[in-house]
1. Which residue, chosen from PHE230, VAL219, ALA182, occupies the Cα position most advanced towards the positive end of the dipole of region 139-275, where the dipole is computed from +1 (Lys, Arg) and -1 (Asp, Glu) charges on Cβ about the Cα centre?
2. May I ask which residue of GLY290, GLY8, PRO73 lies farthest towards the positive end of the charge dipole of the chain, with charges of +1 (Lys, Arg) and -1 (Asp, Glu) on Cβ and the Cα centre as origin?
3. Where the only charges are on Cβ atoms (+1 Lys, Arg; -1 Asp, Glu), what is the dipole of region 141-213 about its Cα centre, to the nearest 20 debye?
4. Quick one: putting +1 on the C-beta of Lys and Arg, -1 on the C-beta of Asp and Glu, what dipole do you get for region 139-275 around its Cα centre, in Debye to the nearest 20?
5. Explain nothing, just the number: dipole magnitude of the chain about its Cα centre with +1 on each Lys and Arg Cβ and -1 on each Asp and Glu Cβ, in debye rounded to the nearest 20.
6. The chain: longest stretch without exposed trypsin sites (Lys or Arg not before Pro) (DSSP loop, at most 12 other Cβ within 10 Å), sites themselves excluded?
7. Starting from the Cα of THR277, step 7 Å along the direction of its Cβ; do the same at LEU232; then give the gap between the two resulting points in nm.
8. Within a Cβ distance under 13 Å of ALA38, other residues only, what is the Lys/Arg minus Asp/Glu net charge?
Amino acid sequence: MGVLTGGGDCPGLNAVIRAIVRKGERSFGDEIVGFFDAWDGVMERRTVPLSVESMRGTLPRGGTVLGTRRGSPFDTFDGVDRVKATLSDMGLDGLIVIGGNGSLSVASRLHSEFGLPVVGVPKTIDNDIEGTDITFGFTTAVQIATDAIDRLHTTAESHDRVIVVEVMGRHSGWIATHAGIAGGAAVVLIPEIPFDIESVCTRILQRHERGRYASIVVVAEGAVPVPGTFELGERALDQFGHVRLGGIGYLIAAEIGDRTGFETRPVLLGHVQRGGTPNAFDRVLSTRFGIAAIDAVHDQAWGQMVVARGTEILRAPLTEAVGRTRSVDIALYSDVAEIFFA
Ligand code: F6P
């Protein structure tokens, strides 16, 4: 059996690997190898034997012991052939791909177009993968953001400032909405609902008129303005053609300052939200996902991923996750979060 972790790292990855290894070795007598650095490690056959012994102590550890990369075997002319050759030459019965939208799309294509024996485990702090109610890492990221907002309240209040906190969330505002509700934000801006900077400022002005001189504005990195209302400027692309996000909080803080005359400060939480130990909930979810993944391999449930639905861990076709993004529950945003805004 092979295992890889792909895409951005996420608290709980090691807990998934540990559970796969624990159940694989102890219940099925499996021999499990990890591939370093996602698909690069598969193509270049950079492997490490994984055992209960070697995974000891990794449950609370953030990041991934296997390393991770973005990128895909489909990016190079012979990438898929190299993946196929690695699997057959090493005699692997299956490959467990722990990854986000990108890695799961690759896994899905490798299965549907080339018949490779893959099982997926969805992962992202953004919580935006279709097919599963929740991904591990998300509640840890929300807690980190909430802790930061709690701290920012007291300094904002001491100085009568507006603090704009930028959180992760490329396509969806799950972290922003949850941390905004949990942290008592005055405004939350998410990618799913384009914002109007004028009405953001109006809310803050009204709040000041009511004697609340400090405000916390939470903005997801992928938030977008209503077209024509506010310019975000040119945005650089990374090597995979993804827009490099991060920085909208600076622009919004400056604009609020200019329009209202209030003192503002931006805070970009960035990768702090992805690093460090997973919380208890994410450790349990990761462990359940890992066990479900090794069971799926033994059932030869190729082309499937493990998913959380309600309180159960089930399986769903990888194709459910491909090319889609799971948006924020708009009812949570409008019926719950917005009641407390401004
Ligand atoms: O997909 C998870 C995520 O954390 C996004 O929220 C963010 O846009 C992206 O990864 C950042 O990626 P990188 O680590 O490559 O800067």
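No lab work stands behind these numbers, since they all come straight from the coordinates. Owing to the predicted nature of the structure, the values given are computational and were not obtained by experimental measurement. Ideal geometry is used to build each Cβ from the backbone, glycine not excepted, and the neighbour counts take in all protein chains shown.
1. Going by the charge dipole, the pick is ALA182.
2. GLY290
3. Computed charge dipole of region 141-213: roughly 80 debye.
4. 240
5. Values: 32 positive and 42 negative charges, 137 e Å.
Roughly 660 debye, rounded to the nearest 20.
6. With trypsin sites (Lys or Arg not before Pro) excluded where exposed in loops, the chain gives 57-209 as its longest stretch.
7. 3.6
8. -1
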